[in-house]
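K.L.:
Next up is a structure, given as structure tokens.
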Amino acid sequence: GVFYEVVQSFPRVEENVRVDSHVSSHRWRRHSESLRSVDTNRASMGQDSSEPGGFTDLLLEEGHDNTTQTEEDTDHNYYTSRTYGPYDSTSRDLWVNIDQMEKDKVKIHGILSNTHRQAARVNLSFDFPFYGHFLREITVATGGFIYTGEVVHRMLTATQYIAPLMANFDPSVSRNSTVRYFDNGTALVVQWDHVHLQDNYNLGSFTFQATLLNDGRIIFGYKEIPVAVTQISSTNHPVKVGLSDAFVVVHRIQQIPNVRRRTIYEYHRVELQMSKITNLSAVEMIPLPTCLQFTSCGPCVTAQIGFNCSWCSKLQRCSSGFDRHRQDWVDSGCPEESKDKICEKNIDTTETLPYSTTTLLPTTTKFRVLTTTRGSTTSHLPTSLPTEDDTKIALHLKDNGASTDDSAVEKKGGTLHAGLIVGILVLVLIVAAAILVTIYMYHHPTSAASLFFIERRPSRWPAMKFRRGSGHPAYAEVEPVGEKEGFIVSEQC
């Protein structure tokens, strides 16, 4: 990578950042042999365009094959890419003519248009889905790419980028070079207009653009590519075409208290075939479903979208474990929790996608391809995702295949068992306490407890009968008149 200066310092540029893009076990790269033709019946671009600034001012290479070249790659996991050749009418449809847009919305960035290796923050008027995350800020660089990371550092070319053509462009070497962008509320278009390579000015000027739509689609349009991209030197600057995303991990440095180092790990990259980038070509990248779109446990753990989705109840988040929230996922113990894949309750497996402009259709590949309508930025919203039958959901709750009703009965029986055991324990404790109190009172007759019970004992002194004169008992009753120290005293006695 190379260092870039960020024009706007808010948020401030992080200096203590290390970039690590060697996490190959969780990166899926595109291979040229996976390309396949999907359409050979589109009309060729035979008619001329009367639009100012259109494609008529450019000439195709002589001897170029005029057959339609439309290729699709579904091996990106996160995106499906479609490459349209220079004679495909779709290439013209995907190009946005900024010159015909409202002039008050088209902005020419003065600093980027007159400097080298500079980048500036640009606010979006809409939420842009990128790898399942919603962005409201991007960083436009003079080197033909857009940086999408939240942590702004100097090595912007390493990862977290949208690169229609990343190279060593220097707008300052020509007065005609500009960096323009246009935001209409549903799409952002960034165009590098007549820019030259700093280390090879004589190759000519390049004109290309990147369009970010609110449904997550990313379109690369190429109007002027004077030389094969594969011939551009990467000695002084990386040359890339594609996408990349990463997650940030904060490390504490034990030797220096209160100092933390941020490390950026790239977890996925889309590398497009550079030989297909020519004059009048275009690339459309359509987002595939990700785990982040699910907002409840049931749809998350039963999703079949090409990812191993897991639910973390602590974060209330669905994830494959590799996205921009990686550190929160690990710190909260979500990898251990996600091993069970059991939800606390049966949750309806119908979930609505957060994207409002794509349609999910089945394909023969292991992923589902998102298709859109031409000439419009809106299309139909899927009502639900594929669901599984109730039997499979019940298996998540009980491994032996028992129904949910049986599980409820067993739960109720377990509750009764627990109540009976508690009652027995309470009874045993009461009896033991009574025995201990009795023993204590027997050995301590003058204690407060003993006197308390003696004073309240009912008097049972028997009535006495005497016989007069003979010394034998007679029928005379003697009533007790008092008591002292526990003995009953009578006047006749």
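The values are calculated or read from the model by the stated rules, or taken from the named source; none is laboratory data. Just so it is clear, the structure is predicted and the values come from calculations on it, not from any experiment. Every residue, glycine among them, receives a Cβ derived from its backbone with ideal geometry; neighbour counts consider all protein chains shown. The accessibility values were calculated without ligands, DNA or RNA, using every heavy atom of the protein model including side chains. Shrake-Rupley method; radii C 1.70, N 1.55, O 1.52, S 1.80 Å.
K.L.:
Using the structure shown, decide if residue 215 is in a loop (DSSP other than H, G, I, E, B) and open to solvent by 40 Å² or more (accessible area, probe 1.4 Å). Spell out how you get there, then give the answer.
P.N.:
On the way: in a loop (DSSP other than H, G, I, E, B): yes; open to solvent by 40 Å² or more (accessible area, probe 1.4 Å): no.
Judged against the criteria, residue 215 is not a match.
K.L.:
Can you name the strands (runs of 3 or more DSSP E) wholly within region 248-328 that have at least 2 residues being in contact (Cβ under 8 Å) with a residue 40 or more places away in the chain? Steps first, please.
P.N.:
Working: elements: 260-271, 282-287, 310-312, 317-319.
Because the criterion is at least 2 residues that are in contact (Cβ under 8 Å) with a residue 40 or more places away in the chain, the strands (runs of 3 or more DSSP E) in region 248-328 that meet it are 260-271, 282-287.
K.L.:
I'd like to check something: does region 325-347 contain any residue that is outside the structural domain of residue 168 (by the TED database), crowded, with 16+ Cβ neighbours inside 10 Å and within 30 Å of residue 82 (Cα to Cα)?
P.N.:
Yes, some residue in region 325-347 is outside the structural domain of residue 168 (by the TED database), crowded, with 16+ Cβ neighbours inside 10 Å and within 30 Å of residue 82 (Cα to Cα).
K.L.:
Still on this model: Collect the residues in region 132-169 that are of a type in the set (Phe, Trp, Tyr), over 15 Å from residue 211 (Cα atoms) and surrounded by 24 or more Cβ atoms within 10 Å (Cβ to Cβ), keeping them in residue-number order. Break it down into steps so the answer makes sense when it comes.
P.N.:
So the first thing to find is which residues in region 132-169 are of a type in the set (Phe, Trp, Tyr), and the list is 134, 145, 147, 161, 169.
Keeping just the survivors that are over 15 Å from residue 211 (Cα atoms) gives 134, 169.
Answer for region 132-169, where residues must be of a type in the set (Phe, Trp, Tyr), over 15 Å from residue 211 (Cα atoms) and surrounded by 24 or more Cβ atoms within 10 Å (Cβ to Cβ): just 169.
Conditions tested, residue by residue: (1) touching an Asp or Glu at 6+ places or on another chain (Cβ under 9 Å); (2) in the same structural domain as residue 210 (by the TED database); (3) at pLDDT 95 or above.
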{"site": "74", "(1), (2), (3)": "no, no, no"}
{"site": "95", "(1), (2), (3)": "no, yes, yes"}
{"site": "102", "(1), (2), (3)": "no, yes, no"}
{"site": "112", "(1), (2), (3)": "no, yes, yes"}
{"site": "117", "(1), (2), (3)": "yes, yes, yes"}
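K.L.:
Let me ask you something else. Filter region 306-324 down to the residues that are over 16 Å from residue 133 (Cα atoms) and open to solvent by less than 20 Å² (accessible area, probe 1.4 Å) and list them by number.
P.N.:
310, 312
K.L.:
Do the conditions hold for residue 118, that is, is it more than 28 Å from residue 293 (Cα to Cα) and open to solvent by 10 Å² or more (accessible area, probe 1.4 Å)?
P.N.:
On the way: more than 28 Å from residue 293 (Cα to Cα): yes; open to solvent by 10 Å² or more (accessible area, probe 1.4 Å): yes.
In short, yes.
K.L.:
Next up: I need the full set of residues from region 195-212 which are touching an Asp or Glu at 6+ places or on another chain (Cβ under 7 Å) and open to solvent by 10 Å² or more (accessible area, probe 1.4 Å), in order please.
P.N.:
196, 198, 205
Residues checked against (1) under 34 Å from the mean Cα position of the chain (by Cα); (2) not in a strand (DSSP E or B):
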| residue | (1), (2) |
| --- | --- |
| 113 | no, yes |
| 140 | yes, no |
| 155 | yes, yes |
| 163 | yes, no |
